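K.L.:
Provided herewith is a single structure, encoded as C-alpha cells, for subsequent inquiry.
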Amino acid sequence: MKFHGNRTRRAVAVFTTAVLAASTLAACGQQPSTPASPTTGTGGAELTGTITVWSWTAPAKGLEAAIPGFQKLYPGVEVEVQDVGNPAIWDKITTSMAAGGAGLADVLNIGIDYMGNYVEKFPGQLADLSGFGLGELAGDFPAGPWKSGQGAKGEVYGIPYEVNATGFFYRTDLFEKAGVDVTTIKTWDDLLTAGKTIMDATGVPLFALDKAATAADSANLWQLLTNLQGSFYFDAAGDITLNNAAGVKALEIIKQANDLGIVADIPGSWDNLVAQMKGDKPVATFTAGGWMAGQLTIDGSGMAGKWGVAKPPAVAAGGLTAAINGGTYLSVSNTSPNKAAAAAFVKYALGTLEGQEAVYAAGGMFPGYLPFITSTSFSKPVDYYGGARVNDIFISQLDEDTPVVNYTSDYARALKALDDAQTQVLLEGADPQTVLDAAAELVAQQTGRTIAK
C-alpha cells in the first residue's frame, strides 16, 4: 500500500461541480470571509498594477478561472497566471530566492513539502499575509493545514489551496470474496488480520511496497502510519522525531505485514500504480490523497463497483483516522512591488465562496475552504463507488485534529534515511528501533539538528 503524495495528473471531471446557485451559498452553515471593499485593499488604497502568479497545469487553470470575478472587484489589477510546470517550479522559486528574490512572481503556488524549506533557508522571502488581513481566514480552514503554512511566531506565509486528506481504497470484490466486512476494521491490527484472510482466500496481497526503495517516496506508508499517531520526521521545532515511539510503531506494523507474507514487492512508479488500479497487478488496498478518488475512475475505469473508499484505520483504538496527504499553498513574495494586490487575489481565490467555486470548477483540486466544502452541493453520489458520497469521507477527516506537518529544509535527507532503514527491515529483517535510531543519528550528523527527547 502506498501513501501516495501529490501528482500533477489529477482527475478533474469527476468531482468538479458546476457553479453553485446563490441559494446554495446562502445555505452554507459557516459565514464566509469577505474580500476587501471593491477596488481597494485592506488599507483603503485603490489597488492597481499587474501581478504574476506561478503555478502548474490544473492548479494554474483553477487560478485563471478566478481572474474575471477578481477583476470585477479590482478592475485596476491585471493578473497573469504562468504555468511554470512541476517540478520545474521548485527550481525556479529556489533560484530566485537564492538571488534575494530577484525575478520571483508576485504569487507563488508552493507545495507543503517545500514550504518549510523556503521559510528556513530563505527567511524573509515570503510575505506575512496577516499584515494584509488574511490572518482572519484561520477559522475558515482546517487547523492542521493552516498551521503548516505558518511560521514559528504565527506568521501566515501561505493560504491552503489544495488540502489532500487520505483515502483508504479497497477492493470490494476481494473483501466480499474473503468474507471480510470493511466496517469491522478499526485499527491496523484489524487490517493485517483481514489481510491474511484475504490473501488465503484470494491469493491477492493486502498492499504493495517498493521494498528496495527504488523510488524516493517508498516510505510513504510509514509516513501515513506515523502521521496517524500525531508525529512526523520532525516536530514543530524542527527536531528529529523519526525514531520516536510513533515512528518505531509505524515500522513495526510494516514489518509485521511483511512477515505475514501479505505485502507485494512492486517498484514505485506511476505505471505500476495504474496497474494496481486496473487490477493488472492486484492488491486488496492502497492509500492515496483525495485526488485519487477521481483518478481511479479514469485509469481504473473498468473496475467500477470493485473499489471502495473509507477513512484509514487508526493505529491505536480510538486514535486518528485522518492524515493530510500533501497539499499546496498560495504565498506572496516579499519582493513583490504589488503585495497588497497579490494578497487580495489570494484572498479572493481561496477565501471567498465565489473565488473557490471558480477555482474548483476549473482546476478540480480538493479545497480546504470550509464554507465551500461544507455546502450541501459540494458532495454528490458517485456511481463508480456504488453511489457513495466520496467527498464526505475526506471532509470528515478535516474535522480531526491532524498534527502540524513540518517538512523543514532537511526533508530529503530524512526521507532517504527512512527509505534505507525500511529497506533493511523488509529485506534483511532488521529491528525497527535499531535502524531508526541509526537513521536519526545520521540525519542529526548531516543537518546539525537535535534528536527530540
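Please treat every number below as a calculation from the coordinates, not as lab data. From a predicted model like this one, the values you see are computed outputs, not experimental measurements. Methodologically, a virtual Cβ is constructed for each residue, glycine included, from the backbone with ideal geometry; neighbour enumeration extends over all protein chains shown.
K.L.:
Kindly write out, for the range 406-416 in residue order, the coupling ³J(HN,Hα) from the Karplus curve 6.51 cos²θ - 1.76 cosθ + 1.60 (θ = phi - 60°), rounded to whole Hz, with x marking Gly and Pro.
P.N.:
Those phi angles translate into 9, 6, 6, 7, 10, 4, 4, 5, 5, 4, 5 Hz.
K.L.:
What is the packing order of peptides 46-53, 62-69, taking the mean over residues of other C-beta atoms within 10 Å and listing the highest first? Intermediate results must be reported in sequence, preceding the final value.
P.N.:
Values: 46-53: 18.8, 62-69: 21.2.
Averaged packing, sorted descending, gives the order 62-69, 46-53.
K.L.:
Taking every pair of alpha-carbon atoms in the chain, give the share separated by more than 32 Å as a whole percent. Write down the numbers at each step before the final one.
P.N.:
Working: 38553 of 102378 pairs.
Counting pairs separated by more than 32 Å, the tail of P(r) holds 38 percent.
K.L.:
Would you work out which of P432, V382, A314 lies farthest towards the positive end of the dipole of the range 311-439? Charges go on Cβ: Lys and Arg +1, Asp and Glu -1.
P.N.:
About the Cα centre, the residue reaching furthest to the positive side is V382.
K.L.:
For Cα pairs less than 8 Å apart in space and 6+ apart in sequence, what is the mean separation divided by the residue count of the range 227-338, i.e. the relative contact order in percent?
P.N.:
On the way: 63 pairs, mean separation 29.6, N = 112.
For the range 227-338, the relative contact order is 26 percent.
K.L.:
Based on the mean of other beta carbon atoms within 10 Å per residue, what is the order of 352-362, 295-305, 278-288, most packed first? Spell out each step's value before the answer.
P.N.:
Details: 352-362: 23.1, 295-305: 17.0, 278-288: 20.8.
Output ranking for 352-362, 295-305, 278-288: 352-362, 278-288, 295-305.
K.L.:
Here is a follow-up. Can you tell me the dipole magnitude for the chain around its Cα centre, using point charges on the Cβ only (Lys, Arg +1; Asp, Glu -1), in Debye to the nearest 20?
P.N.:
Details: 29 positive and 44 negative charges, 77 e Å.
I would put it at about 380 debye.
K.L.:
E428 to A152: FRET efficiency via 1/(1 + (r/R0)^6), r the Cβ-Cβ distance, R0 25 Å, to the nearest 0.05?
P.N.:
On the way: r = 39 Å, r/R0 = 1.57.
Result of the calculation: an efficiency of 0.05.
K.L.:
Determine, for each peptide in 131-143, 82-94, 105-117, 246-258, the mean count of other beta carbons within 10 angstrom over its residues, then list the peptides with the highest first. List each step's numbers first, then the result.
P.N.:
Numbers: 131-143: 18.7, 82-94: 17.1, 105-117: 24.2, 246-258: 21.2.
Per-residue mean Cβ counts within 10 Å order the peptides as 105-117, 246-258, 131-143, 82-94.
K.L.:
Read phi for every residue in the range 155-172 and hand back ³J(HN,Hα) as whole Hz from Karplus 6.51 cos²θ - 1.76 cosθ + 1.60, θ = phi - 60°, with x for Gly and Pro.
P.N.:
4, 9, 9, x, 9, x, 9, 10, 10, 9, 6, 9, x, 9, 9, 9, 7, 4
K.L.:
Of the listed pairs K196/K255; K186/K255; K72/K380; K177/K306; K249/K281; K255/K306, which have alpha-carbon separations greater than 22 Å here?
P.N.:
Working: K196/K255 14 Å; K186/K255 20 Å; K72/K380 30 Å; K177/K306 12 Å; K249/K281 28 Å; K255/K306 28 Å.
Long pairs (Cα-Cα over 22 Å): K72/K380; K249/K281; K255/K306.
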